[in-house]
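Asks: Sending over a structure as structure tokens; questions will come in a sec.
The values are calculated or read from the model by the stated rules, or taken from the named source; none is laboratory data. What you see is a predicted model, and the numbers here were worked out from it, not measured in a lab. In this analysis, Cβ positions are derived from the backbone assuming ideal geometry, glycine residues included, and neighbour counts consider all displayed protein chains.
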Amino acid sequence: MAVDEGLKIELGKQGVFVTTIEELYNWGRRSSIWPMQFGLACCAIEMIATTMARYDLARFGAEVFRPSPRQADMMIISGTVTKKMAPQVVRLYNQMAEPKYVIAMGACAISGGPFKQGYNVLKGIDRYIPVDVHIPGCPPRPEALIQAFMTLQKKIDGQHLTGPDRPRHLNAEAQGEFPVPVQGEHDLEPTSNPGVWPVPITIR
Amino acid sequence: MAIEAAVPGAGVELVSNPSVCGQHSLRITPEHAMAVARFLRDDDELRLDFLSNVTGVDWPDKEIAEKVKVTRTAKKTVDGVEKEVEETVEETRKHVEPGCLEAVYHLFSMTNKYGPVVIRMRTVNRSDQVELPSLTPIWRSAEFQEREIFDLFGIVFTGHPDLRRLLMWDEFKDHPMRRDYVEPDDFEYEPTAHDEVMERAQEHRAKLVTAETVGAAGQERTDTGA
């Protein structure tokens, strides 16, 4: 239950600050998302550029990129996910502590990108792990990554603490660990995780 | 040729390249490859000390159909009388020329500043006799590149210090760069399909439809059974 805006402003004029616990909780969470150092290919260069002086990502809360998945809140999958690397990506995601978020940066992470028909290219990391924000682009500009970060922050703002759609870390029955694909003889087994990736239906 | 003089018995053949780049290559036999390569690297005049690239080529099996004129004796009735007559008939005979796998090396000379010199080696056939000598002891830069060729084409390099797959994982069975490689079926979602991709996507959808109908039929049977 959010506080009515008009009431907030009126009370603010009187010097009284009103908020809800949900707002405070989410504000704390979204203002300090620490990404994990996870660059795979060319999009990683753009991610690095976003953290550097010109398009500083630290002003939005991504203060430091943690090398360990245990200490990170978010994983930016930047670059082509090869089938050789895919089990490692899922394993690292499983090792992250809740609450955790995933940004799929660039065309390759969303769906395989320009190398989709390659023999070693996984057609999108959202086949195995749930992705919160997708950024199209090849590579997306640093401003696009910043906008994705802000979209993720808005998404976190909108999460309710109670109720059926509460985030995974407050939900004891929600599944936080996803099965790691096995590298089989001809392909990864299984080719996708149907619980995470319901095959999009094309209506012609 | 200097190579034939230095390495006695080495069969060296010139393969000319009619395209614009004009990079003609020398085809060497696998048995003499090490000696030829050592000569190429150590000879004072040639001094080819930099191996810049090793690639693989897949020559698939060719089915050749040729028309042959065959004379046969056949029984025919000519003017009401049965006689044996010789007749010439055109027959198409097909035979399969076995393909092979090939490794192509590009050599440069840093000291004498010239290049490239291209040498090629062919395996006996594509299926079981796929060994070639490794030139890693002579040029170290061949190490990773020969691993890549082993991974993608399947040429086994004898004498290689560490022959494992490089790009694909170790349990992978196929060799992706061969002409007869078929990609595994992960064509669930192809929004911009065309050509080959469209065919594979349609095959995948067809498989799903048959699986659904078989599943539905099974369901019906269990319902009536219960």
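Asks: Pairs, please: C-beta under 7 Å, at least 6 apart or cross-chain, first residue under 19 Å from A:Ile110 (Cβ atoms) and more than 10 Å from every other protein chain (Cβ to nearest Cβ) and in the range A:174-196, second buried (at least 16 other Cβ atoms within 10 Å of the Cβ) and of a type in the set (Gly, Ala, Ser)?
Replies: A:Pro181/A:Ala86
Asks: May I ask you to list the residues in the range A:112-156 that are surrounded by fewer than 20 Cβ atoms within 10 Å (Cβ to Cβ) and aromatic (Phe, Trp, Tyr)?
Replies: Once the filter is applied, which keeps residues that are surrounded by fewer than 20 Cβ atoms within 10 Å (Cβ to Cβ) and aromatic (Phe, Trp, Tyr), the range A:112-156 yields A:Phe115, A:Tyr119.
Asks: Test each condition in (1) at pLDDT 90 or above; (2) under 30 Å from A:Ala86 (Cα atoms) for B:Val209 and report the one that comes out false.
Replies: If we test B:Val209 against (1) at pLDDT 90 or above; (2) under 30 Å from A:Ala86 (Cα atoms), just (1) comes out false.
Asks: Would you pick out the residues in the range A:156-182 that are under 29 Å from B:Asp186 (Cβ atoms) and either assigned to a loop (DSSP other than H, G, I, E, B) or touching a strand residue (DSSP E or B) at 6+ places or on another chain (Cβ under 8 Å) (or both)?
Replies: Across the range A:156-182, the qualifying residues are A:Ala174, A:Gln175, A:Gly176, A:Glu177, A:Phe178, A:Pro179, A:Val180, A:Pro181, A:Val182.
Asks: Also, quick follow-up: Within the range A:10-30, work out how many residues are surrounded by 12 or more Cβ atoms within 10 Å (Cβ to Cβ) and outside any helix (DSSP H, G or I).
Replies: Result for the range A:10-30: 2.
Asks: Only one of (1) without any contact (Cβ under 8 Å) to a residue 24 or more places away in the chain; (2) within 15 Å of the chain's Cα centre (by Cα) is not met by A:Phe65, so which one is it?
Replies: Of everything listed in (1) without any contact (Cβ under 8 Å) to a residue 24 or more places away in the chain; (2) within 15 Å of the chain's Cα centre (by Cα), A:Phe65 misses just condition (1).
Asks: Within the group A:Leu170, A:Leu188, which residue is more than 30 Å from B:Pro176 (Cβ to Cβ) and either under 15 Å from the mean Cα position of the chain (by Cα) or hydrophobic (A, V, I, L, M, F, W, C) (or both)?
Replies: Unique residue meeting the criteria: A:Leu170.
Asks: Sort out which residues of the range B:124-173 are within 25 Å of B:Pro98 (Cβ to Cβ), crowded, with 22+ Cβ neighbours inside 10 Å and hydroxyl-bearing (Ser, Thr, Tyr), and write them in order of number.
Replies: Passing the criteria: only B:Ser134.
Asks: Let me ask something else. Is there any pair with a first residue in the range B:180-202 that is closer than 12 Å to A:Thr191 by Cα and more than 7 Å from every other protein chain (Cβ to nearest Cβ) and a second that is of a type in the set (Lys, Arg) and surrounded by 13 or more Cβ atoms within 10 Å (Cβ to Cβ) whose Cβ atoms are under 8 Å apart and which are 6 or more apart or on different chains, and what are they?
Replies: B:Asp185/B:Arg200; B:Phe187/B:Arg200
Asks: Provide a single number: the residues in the range B:81-112 that are assigned to a strand (DSSP E or B) and closer than 30 Å to B:Leu46 by Cα.
Replies: Residues flagged as assigned to a strand (DSSP E or B) and closer than 30 Å to B:Leu46 by Cα within the range B:81-112 amount to 10.
Asks: Which residues, taken from the range B:136-174, are more than 14 Å from chain A (Cβ to nearest Cβ), more than 18 Å from the chain's Cα centre (by Cα) and either part of a loop (DSSP other than H, G, I, E, B) or in contact (Cβ under 8 Å) with a residue 40 or more places away in the chain (or both)?
Replies: B:Thr136, B:Pro137, B:Ile138, B:Trp139, B:Arg140, B:Ser141, B:Ala142, B:Gly159, B:His160, B:Pro161, B:Asp162, B:Leu163
Asks: As an exercise: evaluate A:Ala144 against (1) aliphatic (A, V, I, L, M); (2) away from chain B (no Cβ under 14 Å); (3) free of Cβ contacts under 8 Å to residues at least 60 places away in the same chain; (4) closer than 30 Å to B:Arg200 by Cα and give the number of the one condition it does not meet.
Replies: Here A:Ala144 clears every test but (4).
Asks: Could you list, in sequence order, all residues of the range A:94-113 that are closer than 17 Å to A:Ala144 by Cβ and part of a helix (DSSP H, G or I)?
Replies: Within the range A:94-113, A:Gly106, A:Ala107, A:Cys108, A:Ala109, A:Ile110, A:Ser111, A:Gly113 qualify.
Asks: What about A:Tyr55, is it surrounded by fewer than 18 Cβ atoms within 10 Å (Cβ to Cβ), in contact (Cβ under 8 Å) with a residue 12 or more places away in the chain, among the hydroxyl-bearing types (Ser, Thr, Tyr) and closer than 25 Å to A:Ser31 by Cα? Spell out the reasoning first.
Replies: Numbers: surrounded by fewer than 18 Cβ atoms within 10 Å (Cβ to Cβ): yes; in contact (Cβ under 8 Å) with a residue 12 or more places away in the chain: yes; among the hydroxyl-bearing types (Ser, Thr, Tyr): yes; closer than 25 Å to A:Ser31 by Cα: yes.
Yes; evaluated as a whole, the condition is true for this residue.
Asks: Consider the range A:55-89. How many of its residues are of a type outside the set (Asp, Glu) and assigned to a loop (DSSP other than H, G, I, E, B)?
Replies: Here the count works out to 15.
Asks: Go through the range A:158-173 and count every residue that is free of Cβ contacts under 8 Å to residues at least 12 places away in the same chain and surrounded by 13 or more Cβ atoms within 10 Å (Cβ to Cβ).
Replies: Of the residues in the range A:158-173, 3 are free of Cβ contacts under 8 Å to residues at least 12 places away in the same chain and surrounded by 13 or more Cβ atoms within 10 Å (Cβ to Cβ).
Asks: Only one of A:Thr202, A:Thr151 is among the β-branched types (Val, Ile, Thr), more than 14 Å from chain B (Cβ to nearest Cβ) and free of Cβ contacts under 8 Å to residues at least 24 places away in the same chain; which? Break it down stepwise before answering.
Replies: Values: A:Thr202 fails: more than 14 Å from chain B (Cβ to nearest Cβ).
Criteria check complete, one pass: A:Thr151.
Asks: Follow-up. Would you tally the residues in the range A:57-88 being closer than 19 Å to A:Asn120 by Cα and away from chain B (no Cβ under 14 Å)?
Replies: The number of residues fulfilling the criteria is 3.
Asks: Oh, and also: Can you confirm whether A:Ser78 is closer than 30 Å to B:Trp169 by Cβ and exposed (fewer than 13 other Cβ atoms within 10 Å of the Cβ)? Explain how you work it out, then say what you get.
Replies: Working: closer than 30 Å to B:Trp169 by Cβ: yes; exposed (fewer than 13 other Cβ atoms within 10 Å of the Cβ): no.
Considered against the rule, which asks whether it is closer than 30 Å to B:Trp169 by Cβ and exposed (fewer than 13 other Cβ atoms within 10 Å of the Cβ), A:Ser78 comes out as no.
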